[in-house]
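Visitor: Input: one structure, supplied below.
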Amino acid sequence: MAPKNKSFDPVAQLKEIEESFELFQILDENGKIVNKSAMPDLSDEELVELMTRMVWTRVLDERSTSLNRQGRLGFYAPTAGQEASQIASHYALQKGDYVLPGYRDVPQLIWHGLPLSKAFLFSRGHYEGNQFPEGVNALSPQIIIGAQYVQTAGVALGIKKRKKDNVVITYTGDGGTSQGDFYEGINFAGAFKAPAIFVVQNNQYAISTPRHVQTSAKTLAQKAVAAGIPGVYVDGMDALAVYKVTKDARERAINGEGPTLIETVTYRYGAHTLAGDDPTRYREDNEQTEWEKKDPITRMRTFLEEKGLWSKEKEDEVIEQARADVKEAISEADKAASQKVTDLMDLMYDEKPSNVEEQYDYYKEKESK
């Protein structure tokens, strides 16, 4: 408590808090190390693997967009531009950790062990797309904005009660921080010191609503202060920085220090989803061009090439492998049996009420013709 005779300025206090959240960066836009002391302990092989996953994921986005336009996929949320935010944060996890994704976070699920064909079936709305293999510690992508934050708090508390040395990571966009579930999730996890990592991928827009319209907060990371947990403001186009802050957050969590909120400042090049959104209607003409100068793959490529760890030939190999993987997976997805209404009822009900039984019989007869 401040001394009685000392004046107190809440506006100055807010400004002081906001200014304390400085953007954390290791690799600048030109692929140069600007924070050598913060370099993560990654071997050359691990650096190459991280880059490989990012390039593979960029190709997946390109091919998924094409498949959607061909009518071979259903719901799809583009990921290009967010590879460092998504893949580098996931790269800091262990296999036993849990991933609770939003609908744009299918790449993390795939790298966590979900077969690509299952991811394509999820996009099509097929129930087999939600049947994860044993050992894939994850939930299906959450469509309700921010709901995964509350779920994460619960899963993390369960891990703590079972005394497991694992964490839960979840993702939402900048728009998700305007939801009540966001505050409830970080507050609950903070109160119980649950081992959770809450990632806010600030890609500048909640569909068409600019980030600055959603909140007067200077950063989204500072919202952690209200929940009494650490908040990190990081360059989300810098894979090394994202990996570092996520790895540190994981270590704090398994050491019993509770959750962390990480804001990754990034950008999505494409539409919010391919379900009718047109980003040219709400973005400035040169906006994407400016963000492309910060591209996560470009800066990582420059960094690795200067270390003699990457080449055009290596990248071409990854691209070709990714295309082959997508071709094989979509063919596998095509083999799944067509869904029937009665399948849905069988999955939904152990004991069907009389009105559902009546509908079931109706559709069963209709499907048999």
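The values are calculated or read from the model by the stated rules, or taken from the named source; none is laboratory data. None of the values given here were measured: they were computed from a predicted structure. Note: ideal-geometry Cβ built from the backbone for every residue, glycine included; neighbour counts use all protein chains shown.
Visitor: I'm told K218 meets every condition in (1) in contact with a helix residue (DSSP H, G or I) (Cβ under 7 Å, 6 or more places away or on another chain); (2) charged (D, E, K, R); (3) farther than 22 Å from Q82 by Cα; (4) not in a helix (DSSP H, G or I) except one. Can you identify the failing condition by its number?
Guide: It is condition (3) that K218 fails.
Visitor: Looking at V136, V155, V150, which is the one that is assigned to a loop (DSSP other than H, G, I, E, B) and modelled with pLDDT of 95 or more?
Guide: The conditions single out V136.
Visitor: I'd like the full set of residues that are in a helix (DSSP H, G or I) and aliphatic (A, V, I, L, M), limited to segment 68-119. Walk me through it before giving the result.
Guide: Let us first name the residues in segment 68-119 that are in a helix (DSSP H, G or I), namely 68-69, 83-91, 106-111, 116-119.
Hits for segment 68-119 are A84, I87, A88, V106, L109, I110, L116, A119.
Visitor: Also: Looking at A275, A271, which is the one that is part of a loop (DSSP other than H, G, I, E, B) and either under 16 Å from K32 (Cβ atoms) or out of contact with any Pro (no Cβ under 8 Å at 6 or more places or on another chain) (or both)?
Guide: Step by step, each of A275, A271 is checked, and only A275 is part of a loop (DSSP other than H, G, I, E, B) and either under 16 Å from K32 (Cβ atoms) or out of contact with any Pro (no Cβ under 8 Å at 6 or more places or on another chain) (or both).
Visitor: Can you work out which of the residues in segment 347-360 that are surrounded by 12 or more Cβ atoms within 10 Å (Cβ to Cβ) and charged (D, E, K, R) is farthest from E305 (Cα to Cα)?
Guide: By that ranking, first place goes to E357.
Visitor: Only residues in segment 45-64 that are closer than 14 Å to T298 by Cα and touching a residue at least 24 places away in the same chain (Cβ under 8 Å) count as the first member; pair them with residues that are surrounded by 18 or more Cβ atoms within 10 Å (Cβ to Cβ) and among the aromatic types (F, W, Y), Cβ under 6 angstrom, at least 6 apart or cross-chain, and list the lot.
Guide: From residues that are closer than 14 Å to T298 by Cα and touching a residue at least 24 places away in the same chain (Cβ under 8 Å), the pairs are L50/Y91.
Visitor: If V213 satisfies all but one of (1) at pLDDT 95 or above; (2) over 15 Å from E263 (Cα atoms); (3) of a type in the set (V, I, T), what's the number of the condition it fails?
Guide: Answer for V213: the failing condition is (1).
Visitor: Please return the ranges of helices (runs of 4 or more DSSP H) entirely within segment 285-367 where 3 or more residues are β-branched (V, I, T) and at pLDDT 95 or above.
Guide: Ranges flagged: 296-306, 312-334.
Visitor: Take segment 13-57 and flag every residue that is crowded, with 18+ Cβ neighbours inside 10 Å, part of a helix (DSSP H, G or I) and among the aliphatic types (A, V, I, L, M).
Guide: L47, L50, M51, M54, V55
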